[in-house]
Amino acid sequence: MDAQTTEFAKTLAKLMVAACVRRGELEGLHAGITPISRIGDFSDVYVVDADGNSIPWTEISRISQDEMKALMIGSVDRAYTFMMRTLFADGPDEVFEAALNRAVLPWTKGWDDPKYRPYFLMVEEPKEV
């Protein structure tokens, strides 16, 4: 793959994640109060549940099954719409591109470049010999 295509793929990946995941249901899950950790790794933070159980922050689930379902449905719907309005569109969609440039592109400017993960979704990574 040539350098121009690689750079386009990196930019597109950032735009898709920002538009389809970050600006979706994840925003609501991300909202709220973040606890303070004096140590920095949150091992000193506990949640007390309705039965009085003290659960270490590092061991609690921070997203419910219903929230995960809504996150996945919203992300898939947004990814589908994104692809239909960009990669699979009959022609340029200036309105959508303007919205991406206004509402998404500025967020991604400071993001790290994506890294290619050759064993993504593979059963296991090959062992070195």
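Among (1) in contact with a strand residue (DSSP E or B) (Cβ under 9 Å, 6 or more places away or on another chain); (2) more than 23 Å from Glu27 (Cα to Cα), which single condition is Gly52 missing?
(1)
Just a yes or no: is a residue in the range 107-126 over 15 Å from the mean Cα position of the chain (by Cα), over 27 Å from Thr6 (Cα atoms) and open to solvent by 70 Å² or more (accessible area, probe 1.4 Å)?
no
Being of a type in the set (Gly, Ala, Ser) and under 23 Å from Glu27 (Cα atoms) is the filter here; which residues of the range 74-94 pass it?
Once the filter is applied, which keeps residues that are of a type in the set (Gly, Ala, Ser) and under 23 Å from Glu27 (Cα atoms), the range 74-94 yields Gly74, Ser75, Ala79.
Within the set of pairs 6+ apart or on separate chains, which have a first residue in the range 118-129 that is modelled with pLDDT of 75 or more, a second that is part of a loop (DSSP other than H, G, I, E, B), and C-beta atoms under 7 Å apart?
Tyr119/Glu125
Would you check which residues across the range 17-60 are closer than 20 Å to Arg78 by Cβ and either free of Cβ contacts under 8 Å to residues at least 60 places away in the same chain or open to solvent by 50 Å² or more (accessible area, probe 1.4 Å) (or both) and list them?
The answer is Val17, Val21, Arg22, Arg23, Gly24, Glu25, Leu26, Glu27, Gly28, Leu29, His30, Ala31.
Can you pull out the residues in the range 84-106 that are touching a helix residue (DSSP H, G or I) at 6+ places or on another chain (Cβ under 8 Å) and open to solvent by 50 Å² or more (accessible area, probe 1.4 Å)?
Arg85
The values are calculated or read from the model by the stated rules, or taken from the named source; none is laboratory data. Computed from a prediction, not measured in an experiment: that's the story for all the values here. Glycine also receives a Cβ, built like all others from the backbone with ideal geometry; neighbour counts cover every protein chain displayed. Surface areas here come from the heavy atoms of the whole protein model, side chains and all, with no ligands, DNA or RNA. Shrake-Rupley method; radii C 1.70, N 1.55, O 1.52, S 1.80 Å.
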